Amino acid sequence: MQQTHNIILIGFMGSGKSAVGRALAGRLRWRHRDTDTEIESEAGCTIADLFLAEGEAAFRHRETATLVRLLSEITYEQTILSTGGGTPLQPENAALLKQMGTVIWLQASLEAIWVRVGPNLASRPLLAAYQDNPQARIESLLTERTPLYAAVADFALDTSIYARPMEAANQILSLLDR
Ligand code: S3P
C-alpha cells in the first residue's frame, strides 16, 4: 500500500481547526479526526471535565498518547487531523505531527479568536479560570505560543478573513496545489 500524506491542522483556540478540518475532509472525501474528540471518547468525558478531574499535566500525557496511536493508525489513510490548541507545544508532539503529514498553522486575529471562543469560555479550561480578563489571557498565550506554532508549520493561513470554513479549506488546497 502506498503511504499517503495527511493534512494536520494546528493553531490557537478559535482559529478554526475543527470547522476547517471538517470542510477540508468533506471537500477531499478524506477522513476527519480530531485529537480532542479522540481524547474525550477515550476518557468518556469532556475536555473541561478531564482538566477538572485530572489536571492539565494528565491531559497533556493523554494528548501525546493519542498522537502516538494516531500516527500508526493514519499512516496509510488519507486523513485531515485537527489538533488541540496546545498540541504542538511539546517537542515530542511537534515531532509526531511532522511525521504525520503536512502541517498547516491556522492563524486568527485576537478579535476573531474572541468572537469565536468568547461565547463558550466554560468549555476551554485554559481560559475559563480567567473570567476577569480572558482577552489578556488569550493575548499572553498567543504571544507565548506563536513561535512554537511557527516552528512546526509547513504553511500558515490567516482564517480571520474568511466568513465560512469552506473558503479557508479551498485556500489550503490551493496552498498545497491540489
Ligand atoms: C487547549 C485547546 C483546546 C483543548 C484544551 C487545551 C490549549 O482545544 O485541547 O482545552 O492548550 O490551547 P481547541 O484549540 O480545539 O479549543
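Descriptive notes on the structure:
- With all protein chains in place and ligands, DNA and RNA left out, the 1.4 Å accessible area ranks HIS5, HIS32, HIS61 as HIS61, HIS5, HIS32, largest first.
- For segment 63-120, applying the loop criterion from DSSP together with a ceiling of 16 other beta carbons within 10 Å to the chymotrypsin sites (Phe, Trp or Tyr not before Pro) yields TYR76.
- Solvent-accessible area per residue in the chain equals 49 Å², computed with a 1.4 angstrom probe and all protein chains kept.
- Accessible surface of segment 58-178 [probe 1.4 Å, protein heavy atoms]: carbon and sulfur percent: 55
- Overall size of segment 6-177 from C-alpha positions, given as principal axis extents largest first: 44, 34, 26 Å.
- Between GLN99 and PHE155, the simple label model (points 7 Å from Cα in the Cβ direction) yields a spacing of 2.4 nm.
- A cut-off of 5 Å between modelled amide H atoms, ignoring neighbours fewer than 5 places along the same chain, links ASP34 with SER82.
- The length gained on full extension between THR146 and LEU175, counted as 0.36 nm times the residue separation minus their Cα-Cα distance, comes to 8.4 nm.
- Full-stretch length increase - ALA57, ASN120 - with 0.36 nm per residue and alpha-carbon distance subtracted: 20.4 nm
- Placing VAL68, VAL103 in order of accessible area, with the largest value first and a 1.4 Å probe, yields VAL68, VAL103.
The values are calculated or read from the model by the stated rules, or taken from the named source; none is laboratory data. Quantities reported herein were computed from a predicted structural model and do not represent experimental measurements. Cβ coordinates were reconstructed from backbone atoms using ideal geometry, including for glycine residues, and neighbour counts include every protein chain displayed. Remember, those area values only see protein heavy atoms, side chains included, never the ligands or the DNA or RNA. Shrake-Rupley method; radii C 1.70, N 1.55, O 1.52, S 1.80 Å.
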